[in-house]
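To start, the structure itself, in structure tokens.
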Amino acid sequence: MGALEGRRAIVTGASSGIGAAAAEAFSREGAEVLLAARRIEKLEGIARTRARSSAVALDVRDAQACETALAGFGADLLLANAGLSIGMEKLQEGRPEEWDVAIDTNVKGVLNTVRAVLPGMIARGRGDVVILGSVAGRQVYPGGAVYCATKHAVRAIYEGLRLDAAGSGVRFSTVDPGMVGETEFSAIRFRGDEERARKVYQGVDYLKPADVAEAIVWIVTRPARVNVGELVMWASAQASTTMVTRKTAR
């Protein structure tokens, strides 16, 4: 039996990167998994290769859609993973319409997702809510004011949940990775400029989505008496959000 046998998990942002890796890890450990994201065709392709997995099209910015798609699943494990960043301009040069997308996805998306799922967990007296944060929620860097603000907000949501649902039997965790390669994050941040996105990770022994997924599985499989609240993951080559050691070609 897998470590998550008998559990029902929801993963948002499950069409790529950390979300897809976590959904795979949950399935491998025996959970029934609902994969949620906007790109239903990609999700369905992933779900077909995973045991006990299904897919639902979902934009986490839509509170009613979250309620409709997620509330009835009976999840006792939620990974609120959906998130993005667009642009790295200085604040005074930023695009407000892109700020709206980032704030609505990264902040309201977490609120909407948790709001849809948490009441059921509280009613059953058990569950795990894991929010995918970032080291950007701990250190601000140039050009990252809006994204960093959203991840600081995510950390505040996590801390608020621990207070609002104290004694409910539900555990809350935030996982805050540094540089994670092999995702679509930088390509979206640079508005589809794949070459610029590749340069972010060039020469860096970065974290991989599976590394983060493995850490999440470890968190949610601790004994009920243990709540791993905050887990920060840096690539060994990364000393801070702005200091990264790169291998040089010889």
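Some notes on this structure:
- For a straight C-alpha distance cut-off of 22 angstrom, the lysines reachable from Lys247 (same-chain residues fewer than eight places away being disregarded) are Lys199, Lys208.
- Percentage relative contact order, the chain, counting C-alpha pairs under 8 Å, at least six apart: 19
- Shown here for the stretch 163-222: GluC sites (Glu not before Pro) in loop regions (DSSP other than H, G, I, E, B) with at most 15 other Cβ atoms within 10 Å, namely Glu182, Glu184.
- Taking all Cα pairs closer than 8 Å and separated by 6 or more residues, the relative contact order of the stretch 111-214 comes to 28 percent.
- Descending by average beta-carbon neighbour count within 10 Å, the peptides 73-84, 99-110 line up as 73-84, 99-110, the highest first.
- Peptides 146-154, 12-20 ordered by average Cβ neighbours within 10 Å, highest first: 12-20, 146-154
- For the stretch 29-118, relative contact order (Cα pairs under 8 Å, six or more residues apart, normalised by length) works out to 30 percent.
- Tyr206, Tyr158, Tyr201, Tyr141 arranged by Cβ crowding within 10 Å, fewest neighbours leading: Tyr141, Tyr201, Tyr206, Tyr158
- Segments 37-47, 87-97, 231-241 sorted - mean Cβ within 10 Å per residue, highest first: 37-47, 231-241, 87-97
- 18 Å Cα-Cα reach of Lys90 towards aspartates and glutamates, excluding residues that sit fewer than 8 places from it in its own chain: Glu98, Asp100
- Of the residues Gly192, Gly167, Ala149, the one whose Cα sits farthest towards the positive end of the charge dipole of the stretch 133-196 is Gly167 (charges of +1 on Lys and Arg Cβ, -1 on Asp and Glu Cβ, taken about the Cα centre).
All of the numbers you see were taken from the coordinates with simple rules; none came from a lab. It should be emphasised that the depicted structure is a prediction, and the values quoted were computed from it without experimental measurement. Glycine also receives a Cβ, built like all others from the backbone with ideal geometry; neighbour counts cover every protein chain displayed.
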